Amino acid sequence: MEYDVNWKETYKDLIMSPRKALSHVRSGQRIFLGTGCGEPTLLVQAMVEMAGTLCDVEIVELLTKGDAPYAERKYADCFKVNSFFIGHNVRGLFEEGRGDYTPILMSDIPSLFDSGQLPLDAALIQVTPPDVRGKMSLGVSVDIVKSAAENASLVIAMVNPQMPWTRGDSLIDINDLDILVPADVPLLQRESQPVHEISAKIAELVAALIPNGSTIEFGIGRVPGVGRIPQAVIHALHGKRDLGIHTELITDDILELIASGAVSGARKSTDRGKIVTSFCMGTKKLYDFVNDNPLFSFRPTEYVNDSNVIGRQNRMVSINMALEIDLTGQVCSDSEDGNFYSGIGGQVDFNRGAAKAPSGRPIIVMPSTTRDGKSRIVATLSNGSGVVVSRGTVHYVVTEYGVAYLHGKSVQDRTLALVSIAHPDHREQLLKQAIEARFIRREFADVEGKFVVASEDLMKSSFLLDNGTQVNFRPVHPTDEPSMRELLYDLSKETLYYRFMSHNQRFGQKQIQNFVYVDHRKDVAIVGTVPEAHGDDIVAVGRYYLDERTNRAEVAFVVRDEWQNKGLGSFLFSHLITIAKASGISGFTAEVLRDNKRMQAIFNHSGYNVRSQVEEGVCSFRIEF
């Protein structure tokens, strides 16, 4: 890229001052403003200075980062704002009922301009100086800016040498512009904020869902109190390898991820080796990094947000924010407490695309509560809350308390999954509301008081088999009921007999519930799982039941037949001992059939003081810690 150093002379007939350029704007017109940190600040300032001569000007924007003086109440007769995504700088306008919000998929916005459904009288944009061919780059904001510039009757461009030249599909021909306003000013910047503690917990859980070689989208939105969770996920990915990026927005957070070696794009199905984005908001460090950098491909929204393009990526992962979700899985992302808060953005585009993609994973993230302690997981959405992602298309939901996989699940199963990742203070109330709403059966009233999800800090672990398979151990969750039922009915008759001392292979609803609804304050139940596309498959279960009179616990465990003789039983027993000792329990007891030699060997070779006696074909063990 080589700039035309004489461009001001070459195109002098197009050059005007900001005020003269804006004198071409008339009352009653519809004006588009460039996006994010690419907002042409000098043109906005000149427009506001002319407010006394203008009336009923409609300002159309996606998301701007400037101060938005045009939104001040004193300019109410001069300017009205129509926003596709409500940013913090204009949110007060909407809270007062003075703004217009157009809910629309980001991928559909360019067609509004192209079709003439939303005709633009003028577009105020910011570009680089022209190169020797007369081409200019839209720099940090290509998104819907390119479509707006192609469709507006009048295009006024602030030409700024401090705008980085970005590669991809970011160019516009100088002959397609009507007025050029030279300006040498710093771009708007947005500093990355420290990661909130809750966001960090959610990010860790999300990172565990992202395999090496995935292509990732980091959503735009933020949640009051905890910030931008999708951006927080970036910090949890530094240990990954061969990640690709296909996302609307990049920020400074991406720089450390690239430096860590996690991003190569080598396994992308399309745009291999490229970070595909449509705009960036950050600091000068980011702008300098993307400047003429072949690693990046800045493309218009109609490409970046096309769900068909997204769906062609192998292992596409979308990460987007929610403000509220009901127990059936309806996701609200653009409003809160009945007020419009942000926008649909690209959430639906990427949710659809990731769902289509081979091994794709659409993920919705949110904290479990609001800043004032109200649950964001609710029985029914609040008045005024709009559904952005429908219950039929939601897949993963992640809070700081865990992961719920909903797609293809019944209302009862998804209700239990969501209750299990709600804040502990709200689970019992949500369970009662779910029963009243008939989302779950009446007999679930019997598990009230037992709906406890244990802390995973002590209880989680992993075991690597000789064949390289990793089995993850964690506390049993109420959402494990379907997997637990499948495990129990998959056990051989011999395994069933050794575990339950019965040949009965029928398990009632109540009995299966007793396996997954565990009061972890007294009892502990651990499951060994391997990840599958639909969620965790349970391959082993271990449990102990505390007798508070003796401070000993009765222990029992079972391993799925095809996973036996791989060391899982010994590891699970050792893991249960670690948990019990940390809880101050003095020992285990166990009842084992005399013919169950493998279980007896695990106890006898545990390294602890073991005593046993046989009576009527049953070995009674007592293991002292």
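The single condition from (1) surrounded by fewer than 21 Cβ atoms within 10 Å (Cβ to Cβ); (2) at pLDDT 95 or above; (3) in a helix (DSSP H, G or I) that V233 fails is (1). Scan region 13-27 and give yes if some residue there is closer than 23 Å to D173 by Cβ, out of contact with any Lys or Arg (no Cβ under 6 Å at 6 or more places or on another chain) and assigned to a strand (DSSP E or B), otherwise no. Yes, because at least one residue in region 13-27 is closer than 23 Å to D173 by Cβ, out of contact with any Lys or Arg (no Cβ under 6 Å at 6 or more places or on another chain) and assigned to a strand (DSSP E or B).
Given the options H407, H423, H395, name the one that is assigned by TED's automatic domain parsing to the domain that holds K356 and under 20 Å from A437 (Cβ atoms).
Values: H407 fails: under 20 Å from A437 (Cβ atoms); H395 fails: under 20 Å from A437 (Cβ atoms).
Exactly one residue qualifies, and that residue is H423.
Restricting attention to region 615-625 and to residues that are surrounded by 10 or more Cβ atoms within 10 Å (Cβ to Cβ) and more than 17 Å from R499 (Cα to Cα), the residue that is modelled with the lowest pLDDT turns out to be F625.
Just one of S115, S83 is among the small types (G, A, S) and buried (at least 24 other Cβ atoms within 10 Å of the Cβ); which is it?
Numbers: S115 fails: buried (at least 24 other Cβ atoms within 10 Å of the Cβ).
Just a single option satisfies the conditions, and that option is S83.
In this structure, is I156 in the same structural domain as A422 (by TED's automatic domain parsing), buried (at least 22 other Cβ atoms within 10 Å of the Cβ) and at negative phi? So I156 fails the test.
If you filter region 90-124 down to residues that are assigned to a helix (DSSP H, G or I) and among the hydrophobic types (A, V, I, L, M, F, W, C), you find that the one that is nearest to L42 (Cα to Cα) is L93. The set of residues in region 271-285 being under 22 Å from T64 (Cβ atoms) and touching a strand residue (DSSP E or B) at 6+ places or on another chain (Cβ under 8 Å) consists of T277, S278, F279, C280, M281, G282. Pairing residues of region 113-129 that are among the small types (G, A, S) with residues that are in a loop (DSSP other than H, G, I, E, B), at Cβ distances under 8 Å and at least 6 apart in sequence or on separate chains, gives A122/H24; A122/V25; A122/Q29; A122/A152; A122/S153; A123/G34; A123/A152.
Within region 506-525, is even one residue of a type in the set (S, T, Y) and modelled with pLDDT under 75?
Residues of region 506-525 of a type in the set (S, T, Y): 517.
Right, trim to modelled with pLDDT under 75 and you get 517.
Yes, there is a match, as at least one residue in region 506-525 is of a type in the set (S, T, Y) and modelled with pLDDT under 75.
Scan region 535-544 and give yes if some residue there is on the phi > 0 side of the Ramachandran plot and part of a strand (DSSP E or B), otherwise no. For region 535-544, residues on the phi > 0 side of the Ramachandran plot and part of a strand (DSSP E or B): present.
Would you be able to say whether some residue in region 459-470 is surrounded by 15 or more Cβ atoms within 10 Å (Cβ to Cβ), within 30 Å of Q564 (Cβ to Cβ), modelled with pLDDT of 90 or more and in contact with a helix residue (DSSP H, G or I) (Cβ under 9 Å, 6 or more places away or on another chain)? The answer is yes; a qualifying residue exists. Within the bounds of region 199-216, is there any residue that is basic (K, R), closer than 21 Å to P362 by Cα, touching a residue at least 60 places away in the same chain (Cβ under 8 Å) and in a helix (DSSP H, G or I)? Looking for residues that are basic (K, R), closer than 21 Å to P362 by Cα, touching a residue at least 60 places away in the same chain (Cβ under 8 Å) and in a helix (DSSP H, G or I), one finds at least one in region 199-216, hence yes. Within region 50-69, the residues that satisfy the criterion of being in contact with a Leu (Cβ under 9 Å, 6 or more places away or on another chain) and modelled with pLDDT of 95 or more are I59, V60, E61, L62. Taking region 30-52 as the range and being in contact with a Ser or Thr (Cβ under 9 Å, 6 or more places away or on another chain) and in a loop (DSSP other than H, G, I, E, B) as the test, the residues that pass are G34, T35, C37, G38, E39, M50. Where strands (runs of 3 or more DSSP E) fall wholly inside region 249-341, the ranges with 1 or more residues that are more than 20 Å from the chain's Cα centre (by Cα), surrounded by 24 or more Cβ atoms within 10 Å (Cβ to Cβ) and in the same structural domain as G227 (by TED's automatic domain parsing) are 296-298. If you filter region 561-586 down to residues that are modelled with pLDDT of 90 or more and touching a strand residue (DSSP E or B) at 6+ places or on another chain (Cβ under 6 Å), you find that the one that is surrounded by the most Cβ atoms within 10 Å (Cβ to Cβ) is L572.
Among residues of region 29-51 that are touching a residue at least 24 places away in the same chain (Cβ under 8 Å) and farther than 26 Å from S278 by Cβ, those with a Cβ under 8 angstrom from a residue that is among the hydrophobic types (A, V, I, L, M, F, W, C) and in a loop (DSSP other than H, G, I, E, B), sequence gap 6+ or separate chain, pair up as M50/V25; A51/C78.
The values are calculated or read from the model by the stated rules, or taken from the named source; none is laboratory data. All figures in this text were calculated on a predicted structure; none of them were measured in a lab. Note that we place each Cβ from the backbone using ideal geometry, even for glycine, and neighbour counts take in every protein chain shown.
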